[in-house]
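Engineer: Take a look at this one; I'll ask things after.
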Amino acid sequence: MTKFLWITALTLVCLAASAQKDKKYVDETVTRQGVEAAISFIASDELRGRDTPSPGLDIAAKYLSTSMLAANVLTVPGMNTYFQDVSMVSSSPPTTGIFATSDSSYSIANELIHIGGSPVNIEAPLVYAQYGTEEDFANLDVKGKIVVVQAGQRKDREATSAFKAGASKILLAQEKGAIAVIELFNSPQPNWKILRYYLNNTKVALDYGDQDDEYIPHIWLEDVNNNRRPYFESYVGNASLTIAGNEVKKFISKNVIGYVEGTDPELKNEYVIYSAHYDHVGVGEPDLEGDSIFNGTRDNAIGTATVIKAAENIAKYPLKRSSLFIFFTGEEKGLLGSEWYVDHPVVPLHQVVYCFNSDNAGYNDTTAATIIGIERTTAEPVLRKAGEAYGLNTTNDPVPEQNLYDRSDQVNFARAGIPALMYTMGITDFGEELTRFYHKQGDNPDSVDYEYLYRFTKTYVLACRLVGNMPEKPYWRKGDKYYNAGEALYGK
Ligand SMILES: [Zn+2]
């Protein structure tokens, strides 16, 4: 054996020895009962599905903060609390909505979708303004009028683009003095009934101070066959619009954040985020068993429990790097808590070197832990080592077509440039075993395998330790979609 190999072998032995020590710490603090207790409390019927906002979600937040307090996990210096206020706004659909011309009438029960804007009861001249662009408004007087336009843009009438284009049309029309905008919606996909189902519902969004009640009403009128357009093109006269019963409520939801200082004089200036969302979707229609509570055991009481167990462990045996434990609110409403966090970080983003997020849809392979995005960062070897220590295979994303990476909180960190991935229970496909429980009332805390979850949690906590102690800073692999965002963030 050459000297070089001897040194390499020695380094490996030392690494293995320190990993052994880390494993000993994990075995000491993580117990099977502790894992089951955390999951079964967070997913309990008493918390009623942890909808955003709901008292059950607030109780879960309190449980997370008191668990961290008990474990001597600190609050972030300068915060004095584990809670980060997240400003949100919910808008419920109108109970009444009628748009009428001199000889036709359309209702929210059928042909109309209320996209946004305040309640009104108005009668005013109607004016047709093509696509509602600056050019289209150029020679039109829309002041004090109800404006009818076509949804989307001249070249792109797809539903999602119609949605985006609509937002700027409203601003423009409002600026020109219009009092309401009706868009003729003619995209065949998705189906109008499905759109109505999703959009005539209470929506929750981050509150950046631009809520609905400051806008004129914005309505979609179904016109898939383009039958209504000629009528409005040539219409001369008044129209009326009544929108009532829609409510906009501002509220504060909470991200829960804990902190453990790193032990290495240099590396402690680098932070690793260990995160999970703790919200779910609340209560809905009863299933065949009469169960109406969406417990969200898999999604995501289990991920929440893994992070709590990591926090307890790392508070007792701190890592070289500093640790932030973040529990996000509002993930199910569109990754809201993590979006807010990245916009309002409690530690500068460029000091955060990694985000190890823990989130789940379900599982069908108890021999494995799946890591979505594992091949994307240089932490791959230590992450695999954690699985080996507990006899779990570490598997890559088996269902890239499900876009799981982009469907959970880590993506907000990745977009900011921070290497991020998602730890999740063993999955081989998104088949029946997953869909049976995914966002279903039957996702109860007594329907999961706690022997497996014990090993799964220990594997997560060990992986957290190994990443936080990595001698080299973990980073994006070259060529990754977010590599350049990383270069920009860290000023390389
Ligand atoms: Zn989730």
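The values are calculated or read from the model by the stated rules, or taken from the named source; none is laboratory data. Please read these numbers as outputs of a predicted model, since none were measured by experiment. No Cβ is skipped: glycine too gets one built from the backbone with ideal geometry, and neighbour counts run over all protein chains shown. Quick note on the areas: whole protein, heavy atoms, side chains included, nothing else; ligands and nucleic acids left out. Shrake-Rupley method; radii C 1.70, N 1.55, O 1.52, S 1.80 Å.
Engineer: Given the structure, is residue 306 among the hydroxyl-bearing types (Ser, Thr, Tyr), assigned to a helix (DSSP H, G or I) and surrounded by 24 or more Cβ atoms within 10 Å (Cβ to Cβ)?
Structural biologist: yes
Engineer: Now for a separate question. Could you list all residues from region 264-289 that are touching a Lys or Arg at 6+ places or on another chain (Cβ under 6 Å) and more than 16 Å from the ligand (Cβ to nearest atom)?
Structural biologist: Passing the criteria: 264, 267, 270, 272, 283.
Engineer: Kindly state which strands (runs of 3 or more DSSP E) lie completely within region 199-266 and contain at least 3 residues that are under 30 Å from residue 353 (Cα atoms).
Structural biologist: Qualifying strands (runs of 3 or more DSSP E): 248-260.
Engineer: Could I ask something else about it? When region 296-319 is examined, which residues are found to be over 16 Å from residue 356 (Cα atoms) and either basic (Lys, Arg) or within 13 Å of the ligand (Cβ to nearest atom) (or both)?
Structural biologist: Passing the criteria: 296, 297, 298, 299, 301, 316.
Engineer: Which of the residues that make up region 178-198 are surrounded by 13 or more Cβ atoms within 10 Å (Cβ to Cβ) and farther than 16 Å from residue 115 by Cα?
Structural biologist: Residue satisfying the conditions is 178 alone.
Engineer: Conditions first: (1) open to solvent by 60 Å² or more (accessible area, probe 1.4 Å); (2) closer than 24 Å to residue 318 by Cβ; (3) at pLDDT below 95. Residue 6 passes all but one, so which condition is the exception?
Structural biologist: Failing condition for residue 6: (2).
Engineer: Hey, another quick one. Quick check on this structure: which one of 306, 378, 395, 366 is in contact with a Cys (Cβ under 9 Å, 6 or more places away or on another chain) and farther than 25 Å from residue 89 by Cβ?
Structural biologist: 306
Engineer: Oh, and also: What about residue 266, is it among the acidic types (Asp, Glu) and within 12 Å of the chain's Cα centre (by Cα)?
Structural biologist: Judged against the criteria, residue 266 is not a match.
Engineer: Let me ask something else. How many residues, within region 389-404, are modelled with pLDDT of 95 or more and within 16 Å of the ligand (Cβ to nearest atom)?
Structural biologist: The number of residues fulfilling the criteria is 1.
Engineer: So, in region 389-401, exactly how many residues are in contact with a helix residue (DSSP H, G or I) (Cβ under 8 Å, 6 or more places away or on another chain), part of a strand (DSSP E or B) and crowded, with 18+ Cβ neighbours inside 10 Å?
Structural biologist: Selection size over region 389-401: 1.
Engineer: Quick test for you: out of 244, 167, 205, pick the one residue that is hydrophobic (A, V, I, L, M, F, W, C), open to solvent by 40 Å² or more (accessible area, probe 1.4 Å) and touching a Gly at 6+ places or on another chain (Cβ under 8 Å).
Structural biologist: Being hydrophobic (A, V, I, L, M, F, W, C), open to solvent by 40 Å² or more (accessible area, probe 1.4 Å) and touching a Gly at 6+ places or on another chain (Cβ under 8 Å) holds for just one of 244, 167, 205, which is 205.
Engineer: Oh, and also: Go through region 89-124 and count every residue that is of a type in the set (Ser, Thr, Tyr), closer than 19 Å to residue 237 by Cβ, open to solvent by 30 Å² or more (accessible area, probe 1.4 Å) and in a strand (DSSP E or B).
Structural biologist: Qualifying residue count, region 89-124: 1.
Engineer: Only one of these conditions is not met by residue 318: (1) open to solvent by less than 20 Å² (accessible area, probe 1.4 Å); (2) closer than 23 Å to residue 30 by Cα. Which number is it?
Structural biologist: (1) is the only condition that residue 318 fails.
Engineer: Since residue 386 meets every condition but one in (1) surrounded by fewer than 23 Cβ atoms within 10 Å (Cβ to Cβ); (2) modelled with pLDDT of 95 or more, which condition does it not meet?
Structural biologist: Only one criterion is unmet by residue 386, namely (1).
Engineer: In region 324-375, what residues are open to solvent by 40 Å² or more (accessible area, probe 1.4 Å), more than 14 Å from the ligand (Cβ to nearest atom) and not acidic (Asp, Glu)?
Structural biologist: Within region 324-375, 344, 345, 346, 348, 350, 351, 364, 366, 367 meet the criteria.
Engineer: Moving on to the next point. Output the residues belonging to region 217-229 that are under 18 Å from residue 132 (Cβ atoms) and open to solvent by 20 Å² or more (accessible area, probe 1.4 Å).
Structural biologist: Listed by number, the residues that qualify are 222, 226, 228, 229.
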